[in-house]
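Chemist: I'd like to ask some things about the structure below.
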Amino acid sequence: MTIRALHVASELYPLLKTGGLADVAGALPPALIERGADVRVLLPGFPAVLAGLADLRTVAHLGRRFDAPNVTLEQGTLPSSDLVVYVIRADSLYDRPGNPYLDAEHVPYGDNAQRFALLGWTAAQLAQQLDPTWAPQIVHAHDWHAGLAPAYLKAAERQHGKAFAHSIFTVHNLAYQGIFPAHLFGQLALPQDFFSMHGVEFYGQLSFLKAGLYYSDRITTVSPTYAREIQTLAQGGGLDALLRHRTHDLSGILNGVDYTVWNPKTDNLLPERYTSSVLSGKHACKAALQKRFGLAGKSDALLFGVVSRLTEQKGLDLLLAALPEIIKRGGQLVVFGTGDAALEKGLQRVAHAHPESVAVELGFDEALAHAIIAGSDVVAVPSRFEPCGLTQLYALAYGSLPLVHRVGGLADTVVDASLENLADDLTTGFVFERFEPEALGAAIRRAFALYARHSEWKATQRRAMRQDFGWGASAERYLTLYRELA
Ligand code: ADP
Ligand code: GLC
């Protein structure tokens, strides 16, 4: 039996991306389709989404919804993969260029509750045959933006006395909870009793994330370790009790890598391509990167790269604290990202003080991200917490050894260069345990020590590049969940 599933998300690579969610939304549906599922996606009609879809046509007129006039549901296809994408056209809510969540001053839009309620509501309508030719059996909602979809499905089930679809809610990041003032609940057209501790209420406010966690039939998150961490008081973001209560419905399924996008052998965004057997192209990528960022063109300087949102989560303040360790040993650092103004400033200050060894650029650019992942010797991901993390997986594929904090998906994907692991030929990178400058500093020293032993470094690079973090195994696990539910 072919299972029909609708993925509901706010971003999708290559249409619109602010982080790893887009990579997953772009890669998981095709991986599921390849394995026999009938999967479509629902997205808000942001300008970049509407512009990137082919063959758009109207599926349904929805009238006035969440204060937006003339809302329509349209359907198109993603030119790169023929994936069928439903898109909600509601210009007064979505016709805003750039970041899908924040305005030009980096402030969340004041009407985000309405903007993303419409997303969840439309998903539930699709389950109720809004498109006469296709309806999902599974609604798979991602992060708080889609968190109301399971709630609207439960409300419809109660109203009609039958279930229209089963729901899965995937937590990509528990730190973003979609919390809004309680008075907005009245605009959501949900049953009054849903605003309760056993529902969407969260300490007197309205939480879209909690709605997803509470009303979905199954919860997944993006690594096994993060699935355990979020059930603890320390890392549960106030939702640990609910998550523990639902522990039997909760599983951690590791994200995969789309190796059609992230593969040094075929990557057109690199100055030179390379493979694990012929790494000379990687040296060219490093030289080009040093040049691009105005660093000293030393081929033997250990080059650390960071491609990241610059937020508290990513732990770059710790990297700043350990930076003397890198500079002292003749290493270099390239940081590329955007986010917190204070962090941006702090990074720029060190770059200014050490122009030969440290470079920082603010921005978001897919091509530069590839160039940095490929040209670095080490990709640093010192996150405080990390649900899965994708850049360390991309780094492995590019033979750029990841240096990571042992948390979340980072703990599940990188093997440290300890003496035991080196002896057993298991090492793929550098892992530090405690989130402290000394622990990070020691991991940095392990990186320099391994780099000094050329043949072992090369062998480790090759091992890293041989790791298979493709979507195969994880897509199978999602399919098993779908089958259990349907
Ligand atoms: P998160 O989703 O928490 O940001 P992930 O590691 O899962 O972290 O995914 C980050 C994704 O965003 C990766 O594809 C990474 O390459 C990309 N990315 C992060 N910062 C930038 C940037 N400044 N420019 C381009 N891509 C970026
Ligand atoms: C989130 C997490 C990141 C994860 C990504 C995709 O943004 O911060 O760890 O890899 O989602 O699931």
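Chemist: For segment 160-183, does any single residue satisfy the condition of being touching a Ser or Thr at 6+ places or on another chain (Cβ under 8 Å), closer than 18 Å to residue 21 by Cα, of a type in the set (S, T, N, Q) and open to solvent by less than 40 Å² (accessible area, probe 1.4 Å)?
Modeler: yes
Chemist: What number of residues within segment 294-319 are among the small types (Gly, Ala, Ser), within 16 Å of ligand 2 (Cβ to nearest atom) and open to solvent by 20 Å² or more (accessible area, probe 1.4 Å)?
Modeler: Step one: of segment 294-319, the residues among the small types (Gly, Ala, Ser) are 294, 296-297, 299, 301, 305, 308, 315.
Still in the running and within 16 Å of ligand 2 (Cβ to nearest atom): 308, 315.
Narrowing the set further to residues that are open to solvent by 20 Å² or more (accessible area, probe 1.4 Å) leaves 308.
Summing the residues that are among the small types (Gly, Ala, Ser), within 16 Å of ligand 2 (Cβ to nearest atom) and open to solvent by 20 Å² or more (accessible area, probe 1.4 Å) in segment 294-319 gives 1.
Chemist: Taking residue 352 as meeting all but one of (1) out of contact with any strand residue (DSSP E or B) (no Cβ under 7 Å at 6 or more places or on another chain); (2) at pLDDT below 95, write down the number of the exception.
Modeler: Among (1) out of contact with any strand residue (DSSP E or B) (no Cβ under 7 Å at 6 or more places or on another chain); (2) at pLDDT below 95, residue 352 violates only (2).
Chemist: Confirm whether residue 450 is in contact (Cβ under 8 Å) with a residue 24 or more places away in the chain and more than 25 Å from the chain's Cα centre (by Cα). Even if it seems obvious, please write down each step before you answer.
Modeler: Working: in contact (Cβ under 8 Å) with a residue 24 or more places away in the chain: yes; more than 25 Å from the chain's Cα centre (by Cα): yes.
It is true that residue 450 is in contact (Cβ under 8 Å) with a residue 24 or more places away in the chain and more than 25 Å from the chain's Cα centre (by Cα).
Chemist: With segment 321-430 as the region, which helices (runs of 4 or more DSSP H) entirely inside it contain at least 3 residues that are of a type outside the set (Lys, Arg), within 9 Å of ligand 1 (Cβ to nearest atom) and buried (at least 17 other Cβ atoms within 10 Å of the Cβ)?
Modeler: 366-375, 391-397
Chemist: Now a separate question. Right, residue 152: assigned by TED's automatic domain parsing to the domain that holds residue 63 and assigned to a helix (DSSP H, G or I) or not?
Modeler: The answer is yes for residue 152.
Chemist: So which of 186, 120 ends up being of a type outside the set (Val, Ile, Thr), part of a helix (DSSP H, G or I) and farther than 27 Å from residue 221 by Cβ?
Modeler: 186
Chemist: Looking at segment 244-262, which of the residues that are touching a strand residue (DSSP E or B) at 6+ places or on another chain (Cβ under 7 Å) and of a type outside the set (D, E, K, R) is nearest to residue 275 (Cα to Cα)?
Modeler: Among those that are touching a strand residue (DSSP E or B) at 6+ places or on another chain (Cβ under 7 Å) and of a type outside the set (D, E, K, R), it is 259.
Chemist: Any chance you could count how many residues in segment 420-446 are in contact (Cβ under 8 Å) with a residue 60 or more places away in the chain and of a type in the set (A, V, I, L, M, F, W, C)?
Modeler: First, the residues of segment 420-446 that are in contact (Cβ under 8 Å) with a residue 60 or more places away in the chain: 435-437, 440-441, 444-445.
After this cut, where a residue has to be of a type in the set (A, V, I, L, M, F, W, C) as well, the list is 435, 440, 444.
Total meeting the criteria: 3.
Chemist: Continuing with this model, one more query. Against the definition (out of contact with any strand residue (DSSP E or B) (no Cβ under 9 Å at 6 or more places or on another chain), open to solvent by 10 Å² or more (accessible area, probe 1.4 Å) and within 16 Å of ligand 1 (Cβ to nearest atom)), how does residue 237 come out, yes or no?
Modeler: yes
Chemist: Turning to a different aspect of this structure: Just checking, which of 132, 136, 79 is open to solvent by 50 Å² or more (accessible area, probe 1.4 Å) and either outside the structural domain of residue 37 (by TED's automatic domain parsing) or farther than 30 Å from residue 309 by Cβ (or both)?
Modeler: Details: 136 fails: open to solvent by 50 Å² or more (accessible area, probe 1.4 Å); 79 fails: either outside the structural domain of residue 37 (by TED's automatic domain parsing) or farther than 30 Å from residue 309 by Cβ (or both).
From the options 132, 136, 79, the qualifying one is 132.
Chemist: Follow-up. From 44, 29, 14, which residue is open to solvent by less than 40 Å² (accessible area, probe 1.4 Å), in contact with a helix residue (DSSP H, G or I) (Cβ under 7 Å, 6 or more places away or on another chain) and either modelled with pLDDT of 95 or more or not polar (S, T, N, Q) (or both)?
Modeler: Within the list 44, 29, 14, the selection yields 44.
Chemist: Of the residues that sit in segment 1-27 and are over 12 Å from the mean Cα position of the chain (by Cα) and closer than 23 Å to residue 219 by Cβ, which one is nearest to ligand 2 (Cβ to nearest atom)?
Modeler: So, considering only residues that are over 12 Å from the mean Cα position of the chain (by Cα) and closer than 23 Å to residue 219 by Cβ, the one nearest to ligand 2 (Cβ to nearest atom) is 7.
Chemist: On to the next question. Could you tell me whether residue 227 is touching a strand residue (DSSP E or B) at 6+ places or on another chain (Cβ under 6 Å) and assigned to a helix (DSSP H, G or I)?
Modeler: yes
Chemist: Go through segment 200-213 and give me each residue that's in contact with a Phe, Trp or Tyr (Cβ under 6 Å, 6 or more places away or on another chain) and either touching a residue at least 40 places away in the same chain (Cβ under 8 Å) or surrounded by 22 or more Cβ atoms within 10 Å (Cβ to Cβ) (or both).
Modeler: 200, 206, 208, 209, 210, 212
Chemist: Taking interchain pairs and intrachain pairs at least six residues apart, which have beta carbon atoms under 6 angstrom, with the first residue in segment 343-367 and within 16 Å of ligand 2 (Cβ to nearest atom) and the second modelled with pLDDT under 95?
Modeler: Within 6 Å, the pairs are 364/338.
Chemist: Still on this structure, I have one more. Looking only at segment 240-253, count every residue that is more than 12 Å from ligand 2 (Cβ to nearest atom), over 18 Å from residue 197 (Cβ atoms) and open to solvent by less than 40 Å² (accessible area, probe 1.4 Å) and tell me the total.
Modeler: 2
Chemist: A further question on this structure: Any idea which residue in segment 459-484 is least open to solvent (accessible area, probe 1.4 Å), counting only those that are of a type in the set (Lys, Arg) and under 12 Å from residue 396 (Cα atoms)?
Modeler: Once the filter is applied, the top-ranked residue is 463.
Chemist: Shifting gears a bit: Outside the structural domain of residue 346 (by TED's automatic domain parsing), buried (at least 16 other Cβ atoms within 10 Å of the Cβ) and without any contact (Cβ under 8 Å) to a residue 12 or more places away in the chain, is that true of residue 267? Working first, answer last.
Modeler: Working: outside the structural domain of residue 346 (by TED's automatic domain parsing): yes; buried (at least 16 other Cβ atoms within 10 Å of the Cβ): yes; without any contact (Cβ under 8 Å) to a residue 12 or more places away in the chain: no.
For residue 267, the condition - outside the structural domain of residue 346 (by TED's automatic domain parsing), buried (at least 16 other Cβ atoms within 10 Å of the Cβ) and without any contact (Cβ under 8 Å) to a residue 12 or more places away in the chain - is not met.
Chemist: In segment 279-320, which residues are among the hydrophobic types (A, V, I, L, M, F, W, C) and within 15 Å of residue 350 (Cβ to Cβ)?
Modeler: Result: 293, 295, 304, 306, 310, 316, 318, 319, 320.
So that you can scan it fast, the table gives a plain yes or no per residue for (1) within 15 Å of ligand 2 (Cβ to nearest atom); (2) in contact with a helix residue (DSSP H, G or I) (Cβ under 7 Å, 6 or more places away or on another chain):
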| position | (1), (2) |
| --- | --- |
| 197 | no, no |
| 201 | no, no |
| 207 | no, no |
| 215 | no, yes |
| 218 | no, yes |
| 223 | yes, yes |
| 229 | yes, yes |
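Chemist: May I ask you to list the residues in segment 373-395 that are of a type outside the set (Ser, Thr, Tyr), over 13 Å from residue 333 (Cβ atoms) and within 17 Å of the chain's Cα centre (by Cα)?
Modeler: Correct list: 373, 381, 384, 385, 386, 387, 388, 389, 390, 392, 393, 395.
The values are calculated or read from the model by the stated rules, or taken from the named source; none is laboratory data. This one's a predicted model, so the numbers in the text were calculated from it and none came from an experiment. All Cβ positions, glycine included, derive from the backbone under ideal geometry; neighbour counts span all protein chains shown. Accessible surface is based on the protein model in full, side chains and every heavy atom, while ligands, DNA and RNA are left aside. Shrake-Rupley method; radii C 1.70, N 1.55, O 1.52, S 1.80 Å.
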